Amino acid sequence: MTQKRNAALTQHAGRAERAARLYRLLQFIGRRPQTRKALTRYLRHDVRSFYRDLDLLRTCGIDLPLRGGRYCLSETILLPLPGFPFPTRF
């Protein structure tokens, strides 16, 4: 029983950390367009994790085009995002 509870807590903590990282990613890109290098350094994650997060955001309907070697928000995000535990406004 304890192992199941620990596994559930670990999984929940992982989702919370990822949600926080996605939120920071959107905030950082929302300030101004950013390079992949700047984003991975800011988030303290490797390139593979960056592309997973980018794919998830795009799956949620957030357009993050690459323009001139920099990722940017193509529009202002005003509504809460489905599946995210927080409201967003960028």
Between the modelled labels at residue 66 and residue 21 (7 Å from Cα along Cα→Cβ) the distance in nm is 1.9 nm
Quick one: 74, 49, fewest Cβ neighbours within 10 Å first, how do they rank? 74, 49
Going from the fewest other Cβ atoms within 10 Å to the most, one would list 76, 40 as 76, 40
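No lab work stands behind these numbers, since they all come straight from the coordinates. As the structure is a computational prediction, the values presented were derived from the model and not from experiment. Positions of Cβ are generated from backbone atoms using ideal geometry, with glycine treated the same way; all protein chains shown enter the neighbour counts.
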